[in-house]
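First the structure, in the form of structure tokens, and then the observations on it.
The values are calculated or read from the model by the stated rules, or taken from the named source; none is laboratory data. It should be emphasised that the depicted structure is a prediction, and the values quoted were computed from it without experimental measurement. Note that each Cβ is placed from the backbone with ideal geometry, even for glycine, and that neighbours are counted across all protein chains shown. Heads up: the accessible areas ignore ligands, DNA and RNA and are worked out on the full protein's heavy atoms, side chains in. Shrake-Rupley method; radii C 1.70, N 1.55, O 1.52, S 1.80 Å.
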Amino acid sequence: LNDGKPPIPRDRFTTFTSLPRHLARAFQAEIERGGIPVLIFRAPGFAQDVPDDVRDWVLLLPATAEALAIERYGDHRGSLEAEASAWRATSAAVRPDPAAGSPP
């Protein structure tokens, strides 16, 4: 079974990407339409007073669905990450504050 590899625990999640909120929400909906559940959380490293529309959001997928998500959405993830970089460079986005730590 599994060629001697231990099974992936069903409750383990993995980070798929980190994007600004407007991109993260749209990507979350796209992936979920494909039948893969997505959890979305504020990305760590931003100051507490950074507005939610400016900060990055982390998309988490079940580890058991990661390979399928990469196959289906890997190219789109790359284009969204490039779009996010351009948005951050041209927007009034607040840079992460490493001293702030993770949100509560």
Contacts under 9 angstrom Cβ, first residue in the stretch 62-75 being modelled with pLDDT of 95 or more, partner open to solvent by 20 Å² or more (accessible area, probe 1.4 Å) and assigned to a helix (DSSP H, G or I), 6 or more apart: Ala69/Arg77; Ile70/Arg77; Tyr73/Glu30
Search result, residues across the stretch 80-103 that are at pLDDT 95 or above and closer than 29 Å to Arg10 by Cα: Leu80, Glu81
Selection from the stretch 23-46 of residues that are open to solvent by 50 Å² or more (accessible area, probe 1.4 Å) and within 12 Å of the chain's Cα centre (by Cα): Arg25, Ala26, Leu39, Phe41, Arg42, Pro44
